[in-house]
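**Q** My questions will all concern the structure given below.
The values are calculated or read from the model by the stated rules, or taken from the named source; none is laboratory data. No experiment lies behind these values; they were computed from the predicted model shown. When we count neighbours, we look across all protein chains shown, and the Cβ atoms used for this are built from the backbone with ideal geometry, even at glycine.
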Amino acid sequence: MTSVKLAASALAIAAVSATAATARDNVQVAGSSTVLPYASIVAEAFGENFDFPTPVVESGGSSAGLKRFCQGVGEEHTDVANASRKIREKEIKACAENGVTEIIEVRIGYDGIVFASQLDGPDYSAFTQSDIFNALAPKVMVDGKLVDNPYKMWSDFNADLPAEEILAFIPGTKHGTREVFEEKVVAAGCEATGAFEAMMAAGMSEDDAEDACLEVMADGRAVDIDGDYTETLASIDANANGIGVFGLAFYENNTDKLKVATMSGVAPSTETISTGEYPVSRPLFFYVKKAHIGVIPGLKEYAEFFISDDIAGSDGPLAEYGLVSDPALADTQDAVYNEDAM
Amino acid sequence: MTDTSANRPGSATSLITPDARTKRRNRAEARFKVYGITAIGIGLLFLVVLLGSITVNGLGAFQQTFVNVPVYLDPAKLDKRGNRNIEEMKKVSTFGYNPLIQQGLLDKAAELGIETPLKKRKQMKAMLSASAAAKVRDFVLANPETLGQTVEFKLLAASRVDGYLKGRVQRKDVARDKNIDAEHLDLTDSLVAAGVVAKTFNLSFITGADASESRAEQAGIGVAMLGSFFMMLVVLVLSLPIGVAASIYLEEFAPKNRWTDLIEVNISNLAAVPSIVFGILGLAVFIQVMHLPQSAPLVGGLVLTLMTLPTIIISTRASLKSVPPSIRDAALGVGASKMQSVFHHVLPLAMPGILTGTIIGLAQALGETAPLLLIGMVGYIATNVPDGIAAGFLDPNSAMPAQIYEWAKRADPAYYERAWGGIIILLVFLLAMNIIAILLRRRFERRW
C-alpha cells in the first residue's frame, strides 16, 4: 500500500505543478469539422518536416472553435480556430472582451457544398435553389400567392424531379455549413421564386423577410444533422428517398455510395467551384491569435506552412483531398508573413 | 379413506397417469423453459452477430499492403549544395522526395516488363501512401551517406490499393473515384504477381500513431493506447486508495446516523449519474478553474476517477460486509484495536472482492468515451508518442474508445475498417481485465 500512496502523492504533486504548467510546446487548434481534414493533413506534414511537435487539431464546429479561441490569451487557450465561415462581429467583440484583440484571418481556399443521394436511389440528378426552397420552406409561392407549403413530393413542383417524398438531411445550426446552405441555397431560392418579394409586399421588414426565408419546415422532412458527414451518409444509406448535404471532399471519398446532383445545371467539381460557376461554395478560414506568435513555438511556421504553395497550391495535398485552392493565395501568404491582424 | 378420496372429483387418476390439471401445470413449465431457452438463444444470437461483424469488419485492419520500391536517392535533388550538411538537407521537404519515389516505382514496373498505360511519374502517386516520402526522408536524414545509392524501401501502399486487395474497393466503383483508376488496379495485380506488392501483418496498426484524413493506411492505435494506459494509471492510483479508505470508514468506523445515511444514498446516486455529466464537470473544474492542460490524459484520468469511485466504494463495502462478524469479534476478543482488527484481519479477507470491483470499475472507465469528448480528447490528437512519464500524463493524447469514435467519423472508408480493428483491440483489453478479475476471485476468494 505504501508504494500506492507514494504514487498517489506524486501524482497529486504532478497535478498541482501542471497548474503552473510547463511551457506548452505544441500548437493547439480547434474548430470546424469541415476544416479538420485539411488541418490534420497539414499538421501531419508539419510534424514530419519541422522539428516542432505535431499540432493537435480538435473538431466540434466553427462556432464552438471560435468560442474557445475567444476565451482569452494564454497557454490554456487554443492558438488557432478553424472556421468554415467568416468570424462574426459579435465573436470579434467577445474576443476583444477577453483580451484577444489581434486576430489574423487566413483564408485557405474554397469548399463546395453538394447535394448527394443514394447511388442506386431515385434519380435526383439536377436541382435548382428554387427546388430546395420549395421543398423545405414553410411558406412558398403557388400561382403568385404566398401560401403554406402544399408540396409532399419533389414532382409536385418540378415535373423533372422524381415522384418521391421530400426528405432532406441538412447540417445542424452549429455547423458553418448550415449558414452557407441558407445563404447560397435557401435564400437564393426564396428570391428566385419571388417569395421574398411577396413577404416584403405583405408588410414584413427586410430583416424579418430574410429570416422568414431561411426557415425550414418542422414536420420531419428536413432533418438537422448535428454530427459529421458520416452521420448524413448513414441517414442517406437508410433512406433511399433522402438527399443529403455534403462537402465536396467527403463526396469524392465516397463515390461508391453516393451520387451527386447538379445545382442550376452545373456539376460540382474543383474546376467549376474555382471558376465560380458552381454556385454553392464557401471560403474556409483559420484564425490565428497574434498574441501567441512567438510564445507558442511553431505557431507562425504552422500558419505559413498551411498556405504555402506546396500544401495549399493547386497541386498540393489539400487540393488533392478536395479543397479548391484560392487564386489569391499569394496575398494570403504575404498577410501571414507580415502578421496582418484584422 | 380410500372411499372419500375416490369420491372427490379428479382424484380418480393415479400418480402415473397425470390428470388434466397436472398436465396443464407441466405444459406451463415446459413453455416457460422454452421461453427461457429462446431468451438465451436470442442473447447468444446477438452476441454471435456482434462478434461476427466486428471480426469480419475489423480483421482487415491487422493486415496492410506494402510496396517494395527501390529509390535512387538523387544527391542533386536532396542535397543541392552537395556538402552533406543535415540542416541544409532538412530544407528539402517531403514534397521534394515524392518524385524520386514515384520514379522508383515506375522504373521497377518497367524493369519487371509490366505493360501499363501509366507512363508518367505523377500517375504513380495513386499507388503509394503519402507517408512514403516521410519515411524516405527520415531515412536519408539519419543516413546521409546513402545519398547517391539506390535503396529499397518497404513503403505503404495507398489506401485504395490496399482496399482493392482486401476487397473493399471494387472495380465497378473505381470509374467514379478520382483517387484511383482501373489502370492502377491492373498495375497492382501485375505487381502482386511479381511479388513487389504484398499484404502482410500490420504491426504499426497496434503500435502506431493516428494519421491525417488523407492517409488512412498509416493510422495506428498505439498512441491512443498509451493515452488510455496513463489514464487508467491515474484512475487506479486515485480511486483505489480513496475508494477503499472511504468504504472502510463508512463500513467499520462511521456511526449510523442521518449523515452517513445521506452519504450512502448519495454514493449510490453518484454511481447512476451518466458519464457525460462528469465530462462537463471535468471541463468546468479541472480545465477552466484549475487550468490543467486540455486533452491531457491526467484530466481524463481525473474525470474517470470521479466516475469509477462510486463503483469501487460500493463493491468494496459489499466485500467488507461479507467478512463474517466472528472474525472481527475474535480479533477484538484477543485484544486487537478496532484498526488492527480491520487492517490485519478484515481487509485481507475482503481484498479479492475489492480487487475484482476495482478491475471491473477500470474496465468500465477504459471503455468510456462520452466524458472524453468534452475535455478535448477527440480529433487529430494522438499523433506523438509521449517522450517520458510526465509528458504521458500532460501532453495531449486521445484514448482508445475516443480514437475509435474519431475514426468512425472520417470520410475515407478505410478508416471505417480501422475503427472496427480498434474495437477488436479494445475488446481484447476488456476481456483480459475481466479474466484477471475472475481469476483473482477464484484464486483468493474464501467462503464461510
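**Q** So for the range B:79-88 (the condition being assigned by TED's automatic domain parsing to the domain that holds B:Val196 and touching a strand residue (DSSP E or B) at 6+ places or on another chain (Cβ under 9 Å)), does at least one residue qualify?
**A** no
**Q** I've got another one for you. Looking at the range A:302-322 only, could you name the residues that are of a type in the set (Val, Ile, Thr) and at the interface with another protein chain (Cβ under 9 Å from one of its Cβ atoms)?
**A** Of everything in the range A:302-322, just one residue is of a type in the set (Val, Ile, Thr) and at the interface with another protein chain (Cβ under 9 Å from one of its Cβ atoms), namely A:Ile311.
**Q** Sticking with this one: Which residues, taken from the range B:389-416, are within 8 Å of another protein chain (Cβ to nearest Cβ), over 18 Å from B:Gly60 (Cβ atoms) and in a helix (DSSP H, G or I)?
**A** Answer for the range B:389-416, where residues must be within 8 Å of another protein chain (Cβ to nearest Cβ), over 18 Å from B:Gly60 (Cβ atoms) and in a helix (DSSP H, G or I): B:Ala390, B:Phe393, B:Leu394, B:Lys409.
**Q** Which ones in the range A:173-219 are acidic (Asp, Glu), closer than 27 Å to A:Ser32 by Cα and without any contact (Cβ under 8 Å) to a residue 40 or more places away in the chain?
**A** A:Glu182, A:Glu183, A:Glu210, A:Asp211
**Q** Listed residues B:Lys80, B:Lys125, B:Lys91, B:Lys119; which is assigned to a helix (DSSP H, G or I) and either of a type in the set (D, E, K, R) or touching a His at 6+ places or on another chain (Cβ under 7 Å) (or both)?
**A** Checking each option against the conditions leaves just B:Lys125.
**Q** OK, next. Being within 12 Å of chain A (Cβ to nearest Cβ) and touching a strand residue (DSSP E or B) at 6+ places or on another chain (Cβ under 9 Å): is that true of B:Arg176 here?
**A** For B:Arg176, the condition - within 12 Å of chain A (Cβ to nearest Cβ) and touching a strand residue (DSSP E or B) at 6+ places or on another chain (Cβ under 9 Å) - is met.
**Q** Turning to a different aspect of this structure: Here is a list: A:Ala187, A:Ala198, A:Ala168. Which entry is more than 29 Å from B:Asp173 (Cβ to Cβ), in contact with a strand residue (DSSP E or B) (Cβ under 7 Å, 6 or more places away or on another chain) and not assigned by TED's automatic domain parsing to the domain that holds A:Tyr321?
**A** A:Ala198
**Q** Go through the residues of the range B:58-71 one by one and say whether even a single one is at pLDDT 90 or above, more than 34 Å from the chain's Cα centre (by Cα) and not in a helix (DSSP H, G or I).
**A** Yes, that holds for at least one residue.
**Q** Can I ask one more? Just the residues that are outside any loop (DSSP other than H, G, I, E, B), touching a helix residue (DSSP H, G or I) at 6+ places or on another chain (Cβ under 9 Å) and under 17 Å from B:Lys166 (Cβ atoms), please, taken from the range B:190-202.
**A** Across the range B:190-202, the qualifying residues are B:Leu191, B:Val192, B:Val197, B:Ala198, B:Lys199, B:Phe201.
**Q** So how many residues does the range B:101-152 have that are touching a strand residue (DSSP E or B) at 6+ places or on another chain (Cβ under 9 Å) and at positive phi?
**A** Going through the range B:101-152 one residue at a time, the tally reaches 1.
**Q** Name the pairs whose Cβ atoms lie under 7 Å apart, with the first residue in the range B:163-183 and free of Cβ contacts under 8 Å to residues at least 40 places away in the same chain and on the phi < 0 side of the Ramachandran plot, the second among the acidic types (Asp, Glu) and crowded, with 18+ Cβ neighbours inside 10 Å, and 6 or more positions between them or separate chains?
**A** Correct list of pairs: B:Lys178/A:Glu252.
**Q** Just checking, which of A:Gly313, A:Gly294, A:Gly247 is closer than 27 Å to B:Ser131 by Cα, at pLDDT 85 or above and in the same structural domain as A:Arg88 (by TED's automatic domain parsing)?
**A** Within the list A:Gly313, A:Gly294, A:Gly247, the selection yields A:Gly313.
**Q** Something else: Please pick out the residue among B:Thr316, B:Thr260, B:Thr308 that is part of a helix (DSSP H, G or I), closer than 30 Å to B:Asn384 by Cα and polar (S, T, N, Q).
**A** Answer to the check: B:Thr308.
So that you can scan it fast, the table gives a plain yes or no per residue for (1) among the acidic types (Asp, Glu); (2) in a helix (DSSP H, G or I); (3) within 30 Å of A:Val42 (Cα to Cα):
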position	(1), (2), (3)
B:Met231	no, yes, yes
B:Ile242	no, yes, no
B:Ile248	no, yes, no
B:Glu251	yes, yes, no
B:Glu264	yes, yes, no
B:Ser268	no, yes, no
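**Q** Output the residues belonging to the range A:138-165 that are in contact with a Lys or Arg (Cβ under 7 Å, 6 or more places away or on another chain) and assigned to a loop (DSSP other than H, G, I, E, B).
**A** If the condition is that a residue be in contact with a Lys or Arg (Cβ under 7 Å, 6 or more places away or on another chain) and assigned to a loop (DSSP other than H, G, I, E, B), then A:Asn149 is the only one that fits.
**Q** I would also like to ask the following. Every residue in the range B:278-310 that is farther than 24 Å from B:Asp387 by Cα and touching a residue at least 60 places away in the same chain (Cβ under 8 Å), please.
**A** Result: B:Phe278, B:Gly279, B:Ile280, B:Gly282, B:Leu283, B:Thr305, B:Met307, B:Thr308, B:Leu309.
**Q** Now a separate question. Return the residue satisfying two criteria in turn: it lies in the range B:129-154 and is of a type outside the set (D, E, K, R) and under 20 Å from A:Ala43 (Cα atoms), and of such residues it is nearest to the other protein chains (Cβ to nearest Cβ).
**A** Here the residue is B:Ala134.
**Q** Every residue in the range B:269-315 that is more than 14 Å from chain A (Cβ to nearest Cβ) and of a type in the set (S, T, N, Q), please.
**A** B:Asn269, B:Ser275, B:Thr308, B:Thr311, B:Ser315
**Q** With respect to B:Ala158, is the statement that it is crowded, with 16+ Cβ neighbours inside 10 Å, in contact (Cβ under 8 Å) with a residue 40 or more places away in the chain, out of contact with any Phe, Trp or Tyr (no Cβ under 8 Å at 6 or more places or on another chain) and within 11 Å of another protein chain (Cβ to nearest Cβ) true?
**A** no
**Q** Looking at the range A:231-265, which of its residues are part of a loop (DSSP other than H, G, I, E, B) and among the β-branched types (Val, Ile, Thr)?
**A** Of everything in the range A:231-265, just one residue is part of a loop (DSSP other than H, G, I, E, B) and among the β-branched types (Val, Ile, Thr), namely A:Thr255.
**Q** Restricting attention to the range B:319-363, which residues are in a helix (DSSP H, G or I) and of a type in the set (Val, Ile, Thr)?
**A** Of everything in the range B:319-363, those that are in a helix (DSSP H, G or I) and of a type in the set (Val, Ile, Thr) turn out to be B:Ile327, B:Val342, B:Val346, B:Ile354, B:Thr356, B:Thr358, B:Ile359, B:Ile360.
**Q** Out of all the residues in the range B:186-224, which are of a type in the set (A, V, I, L, M) and within 14 Å of another protein chain (Cβ to nearest Cβ)?
**A** B:Ala209, B:Ala211, B:Ala216, B:Ala219, B:Val223, B:Ala224
**Q** Examine the range A:107-121 for a residue that is over 21 Å from the mean Cα position of the chain (by Cα) and surrounded by fewer than 18 Cβ atoms within 10 Å (Cβ to Cβ), and state whether such a residue exists.
**A** Scanning the range A:107-121 turns up at least one residue that is over 21 Å from the mean Cα position of the chain (by Cα) and surrounded by fewer than 18 Cβ atoms within 10 Å (Cβ to Cβ).
Conditions tested, residue by residue: (1) under 27 Å from B:Glu183 (Cβ atoms); (2) assigned by TED's automatic domain parsing to the domain that holds B:Leu426; (3) surrounded by fewer than 13 Cβ atoms within 10 Å (Cβ to Cβ).
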position	(1), (2), (3)
B:Pro70	yes, no, no
B:Pro99	yes, no, no
B:Leu112	yes, no, no
B:Ser131	yes, no, no
B:Val136	yes, no, no
B:Phe139	no, no, no
B:Gln149	no, no, yes
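**Q** Moving on to the next point. Give the residue, chosen from B:Val378, B:Val385, that is farther than 18 Å from B:Asn202 by Cβ, over 11 Å from the mean Cα position of the chain (by Cα) and either of a type outside the set (Lys, Arg) or within 14 Å of chain A (Cβ to nearest Cβ) (or both).
**A** B:Val378
**Q** May I ask you to list the residues in the range A:49-96 that are in a helix (DSSP H, G or I), more than 18 Å from A:Pro171 (Cα to Cα) and within 13 Å of another protein chain (Cβ to nearest Cβ)?
**A** Those that are in a helix (DSSP H, G or I), more than 18 Å from A:Pro171 (Cα to Cα) and within 13 Å of another protein chain (Cβ to nearest Cβ): A:Asn49, A:Lys67, A:Arg68, A:Phe69.
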